[in-house]
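*Asks:* Got a structure here, written out as structure tokens. Questions coming.
Nothing in this text is a laboratory measurement; each read-out follows from the coordinates by a stated rule. All figures in this text were calculated on a predicted structure; none of them were measured in a lab. Please note: Cβ atoms are built from the backbone with ideal geometry, for glycine as well, and neighbour counts cover all protein chains shown.
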Amino acid sequence: MAIRKIAHIGHPILREPAAQVDREWLVRDAGQRLIDDLIETMRDANGAGLAAPQIYEPVQICALEVDDNPRYPYKPRIPLMVLVNPVVHCLTDETFQNYEGCLSVPNLRGIVSRVAKVRVTGWDRHGHDVDMTCVGFTAGTMQHEIDHLHGRLFVDLVEDPTTLTTWDQFERHHRAEFLKSVPAIVDKYHRSQ
Ligand code: ZN
């Protein structure tokens, strides 16, 4: 396993649609090694998720994990999961406002609208079918990671650029206000699951 370099906004690889993964390739050493590196790099950088194009591998694979994350202490837990060729299906028109950040967009956060309930289908790291429903922040994290596989970054979805903030300024000026909205989001979507 190895910690890989993370591509930053401006690098063309973050804007290219990633290629679908072939099951044969996935289960071989190269595919499994890439996934191990993706997980190790995500954990090293304290990411809630990381998509393969962010480590310069333009294939449709992403990893997610939230467990007492210092970058996002309010996010509900997501056990480690790897998604291959994932597809998002929106299950509601309802959206919620989320302050997002990204390891490929250093030191910037901003408010993005995310669909509050989605179904995600695809494969796990062994090529077995995955079909799950996610709500609230977890749904938001899924949409963020899967966007990376289509060349989209959260900054593309920031409707009000005045919400953009460095992480330091977020802590000083926006965190308290945002965290007031979090219990309502967590209650509404996560507990009704
Ligand atoms: Zn990201």
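*Asks:* Kindly express, to the nearest 10 degrees and within the range 0 to 90, the angle between helix 175-185's C-alpha long axis and the longest C-alpha principal axis of the chain.
*Replies:* 70 degrees
*Asks:* Using mean Cβ contacts within 10 Å as the protection proxy, how do 166-178, 46-58, 128-140 order, highest first?
*Replies:* Highest to lowest by the protection proxy: 46-58, 128-140, 166-178.
*Asks:* Kindly write out, for region 62-68 in residue order, the coupling ³J(HN,Hα) from the Karplus curve 6.51 cos²θ - 1.76 cosθ + 1.60 (θ = phi - 60°), rounded to whole Hz, with x marking Gly and Pro.
*Replies:* 9, 10, 9, 6, 10, 8, 6
*Asks:* Quick one: Cα centre-to-centre distance for region 119-151 and region 59-77, in angstrom?
*Replies:* A separation of 12 Å, based on Cα centres.
*Asks:* Provide the convex hull volume over Cα atoms per residue for region 74-134, in Å³.
*Replies:* So the per-residue Cα hull volume is 112 Å³.
*Asks:* Same structure again: Treat every Asp and Glu Cβ in region 66-119 as -1 and every Lys and Arg Cβ as +1, leave all other atoms uncharged, and give the resulting dipole magnitude about the Cα centre to the nearest 20 debye. Walk me through the numbers on the way to the answer.
*Replies:* Working: 7 positive and 5 negative charges, 7 e Å.
Result for region 66-119 is approximately 40 debye, rounded to the nearest 20.
*Asks:* Residue farthest toward the positive end of the dipole of region 38-131, with Cβ of Lys/Arg at +1 and Asp/Glu at -1: which of 52, 64, 104?
*Replies:* It is 104, whose Cα lies furthest towards the positive end.
*Asks:* Let me ask something else about it. Counting only C-alpha contacts under 8 Å and six or more residues apart, can you give the relative contact order of region 84-193 as a whole percent? Mind dumping the intermediate values first?
*Replies:* Working: 163 pairs, mean separation 31.0, N = 110.
Rounded, it is 28 percent for region 84-193.
*Asks:* Given contacts defined as C-alpha pairs under 8 Å and at least six residues apart, what's the relative contact order of region 1-141, whole-number percent?
*Replies:* With pairs under 8 Å counted, the relative contact order is 22 percent.
*Asks:* Provide the gained length on full extension for the span residue 95 to residue 74, in nm with one decimal, where the gain is 0.36 nm per separating residue minus the Cα-Cα distance. Could the numbers behind the result be given before it?
*Replies:* Values: separation 21, 0.36 × 21 = 7.56 nm, distance 1.84 nm.
Gain on stretching residue 95 to residue 74: 5.7 nm.
*Asks:* Would you please give the FRET efficiency between residue 121 and residue 164, computed as 1/(1 + (r/R0)^6) with r the Cβ-Cβ distance and R0 = 22 Å, to the nearest 0.05? Each step should come with its number before you reach the end.
*Replies:* Details: r = 33 Å, r/R0 = 1.49.
Calculated transfer efficiency: 0.10.
*Asks:* Output the 0 to 90 degree angle, nearest 10, between the alpha-carbon long axis of helix 136-148 and the longest principal axis computed from the alpha carbons of the chain.
*Replies:* 50 degrees
*Asks:* Straight-line reach from residue 75: which lysines have a Cα under 18 Å away, not including same-chain ones fewer than 8 places off?
*Replies:* Those lysines meeting the cut-off are 117, 180, 188.
*Asks:* Something else now. Just in region 76-130: which trypsin sites (Lys or Arg not before Pro) are loop by DSSP and have at most 16 other Cβ atoms within 10 Å?
*Replies:* Sites meeting the loop and neighbour criteria: 77.
*Asks:* Just to check I understand the Karplus step: with θ = phi - 60° and J = 6.51 cos²θ - 1.76 cosθ + 1.60, what whole-Hz values come out for region 32-49, glycine and proline as x?
*Replies:* Going residue by residue, I get 5, 5, 4, 5, 4, 5, 4, 5, 5, 5, 4, 5, 4, 8, 6, x, 7, x Hz, with x marking Gly and Pro.
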